[in-house]
């Protein structure tokens, strides 16, 4: 199987061998950039911004990723909009596409995972996997220690509570949490009046 066919299979939910030597060689080049990013000093903001532009397939303006940070393919298959912030220990399993909208916030220790393996032990023994895209809408907030599994879409404005395992789509404008992640309520006009139970919003 030639590399172009493997790359096609990687982005289209098809089985392929992730241990192919040509893939591994290419992947290591991207992992070197992750290593470089993680080893820049906090004061080296210009260098960090430059490297982010090189690492990711697409990344917008005013984006920042705290270190340490990890990505299987160094962000090669990741699209990020504007005004993105991720706290420490973001892990992107980006063998497949990960698409993130504008104004997204991600808390510490979050995993966005596009890659998975077949149930068949015979296939796993051969080093096979397949990838399904992860899509995060605009103005989403994902809480600490959450995992978003392959093929999941999270709609605009939704909040994923800490410690969630998101194994199914979450529509827009909802608060969802748990393992498995379930919808608990809608985001309403009251959320524009109170920021925490009876605490009123007191800034513009």
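Rule-based calculations on the coordinates, nothing more; no lab input. On a predicted model such as this, the values are computed, not experimentally measured, just so you know. No Cβ is skipped: glycine too gets one built from the backbone with ideal geometry, and neighbour counts run over all protein chains shown.
Tell me, in nm to one decimal, what length is gained between residue 7 and residue 117 on full extension, where the rule is 0.36 nm per residue of separation less the Cα-Cα distance?
Details: separation 110, 0.36 × 110 = 39.60 nm, distance 1.66 nm.
Between residue 7 and residue 117, full extension yields an extra 37.9 nm.
At a Förster radius of 35 Å, what calculated FRET efficiency corresponds to the Cβ-Cβ distance of residue 194 and residue 91, to the nearest 0.05? Before the final figure, lay out the partial values.
Working: r = 33 Å, r/R0 = 0.95.
With R0 = 35 Å, the Cβ-Cβ based efficiency is 0.60.
To the nearest 500 deg cm²/dmol, what mean residue ellipticity at 222 nm is calculated for the chain from DSSP H runs of n ≥ 4 alone, each contributing -39,500 (n - 2.57), summed and divided by the residues?
Only helices count here, giving -6000 deg cm²/dmol.
Going by C-beta contacts inside 10 Å, put 95, 102, 202 in order with the fewest on the left.
On the way: 95 25, 102 18, 202 6.
Ascending Cβ contact count within 10 Å gives the list 202, 102, 95.
Treat the count of other C-beta atoms within 10 Å as a stand-in for reagent exposure and order 80, 154, 193 from fewest to most. Can you show the working numbers first?
On the way: 80 24, 154 28, 193 9.
The fewest-first ordering by Cβ neighbours comes to 193, 80, 154.
So for the pair residue 39, residue 17, with labels modelled 7 Å out along Cα→Cβ, what separation do we get in nm?
My value for the distance between the label points is 3.2 nm.
Please give the length that would be gained between residue 141 and residue 202 if that part of the chain were fully extended, namely 0.36 nm times their separation in residues minus their C-alpha to C-alpha distance (nm, one decimal). Don't jump to the answer; show the numbers that get you there.
Working: separation 61, 0.36 × 61 = 21.96 nm, distance 2.13 nm.
Length difference between fully extended and current span is 19.8 nm.
How many angstrom lie between the C-alpha centres of segment 3-37 and segment 154-185?
Cα centres, segment 3-37 to segment 154-185: 30 Å.
What is the order of 120, 43, fewest Cβ neighbours within 10 Å to most? The partial results should precede the final answer.
Details: 120 11, 43 8.
The order, fewest Cβ neighbours first, is 43, 120.
With angles folded into 0 to 90 degrees, how steeply does helix 45-55 sit against the dominant principal axis of the chain? Use alpha carbons for both and round to 10.
With rounding to tens, the tilt is 50 degrees.
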